[in-house]
Amino acid sequence: HAIIGADSHTLLVSNLQDGIDIYAILPVQPLRSLKHAIRSNVPLVVSSALEGELVVVSSDDGLVRVYDQCLGTLVTLLPHGYVETLVQITEVFSSEEQCVIATGTSDNGNIKIKVW
C-alpha cells in the first residue's frame with residue numbers, strides 16, 4: 001500500500017518487511033523509515049493527517065501507530081484489538097481544528113470499527 005502524503009511532497013510506502021518508508025517525490029529520494037515489527041507479510045494501510053505532520057499506520061498486532069512524519073518518532077499507539085488482530089483499515093480526516101481516525105477489522109467474521 002502506498003499514498004501521497006497530505007503535504008503532496010512525499011510518498012509513503014508499506015514495505016512489507018519492517019514498517020513504512022517515506023520518500024521525497026521531487027527529487028525522488030528516501031527520507032526516512034518508520035520501523036515496527038511486522039508478523040505477517042501483508043500490506044499495511046497508511047494514512048496522512050494534519051498536512052503531512054502525522055502518519056497513521058494499520059498493523060497485524062491490534063495496534064494502530066501514529067508517527068510524527070518530520071521527526072520519524074512514534075507519537076502514540078491506539079489499541080484496536082487483540083495482539084493477533086489484523087487492523088485492515090485506517091482512514092483519517094483532519095483539519096486545522098481536529099483530527100479524526102477511523103480503524104477497522106474483520107477477523108474471523110468479527111467486524112469492529114473504532115473512531116478516535
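Any read-out appearing in this document is the output of simple, stated calculations on the displayed coordinates, not a laboratory observation. Note that the structure is a prediction, hence the values are computed from the model and not measured. Neighbour counts are summed over all protein chains in view; Cβ atoms, including those assigned to glycine, are modelled from backbone coordinates with ideal geometry.
Tabulated data
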| item | result |
| --- | --- |
| Strands (runs of 3 or more DSSP E) contained in region 17-116 and holding at least 2 residues under 13 Å from the mean Cα position of the chain (by Cα) and either crowded, with 19+ Cβ neighbours inside 10 Å or of a type in the set (A, V, I, L, M) (or both) | 19-24, 46-49, 54-57, 63-68, 73-79, 89-94, 99-105 |
| Long-range neighbours under 9 Å by Cβ, at least six apart or interchain, first residue farther than 21 Å from S58 by Cα within region 7-33, second polar (S, T, N, Q) and assigned to a strand (DSSP E or B) | A24/T10; I25/T10 |
| Test: residue in region 41-58 that is more than 22 Å from V115 (Cβ to Cβ) and hydrophobic (A, V, I, L, M, F, W, C) | yes |
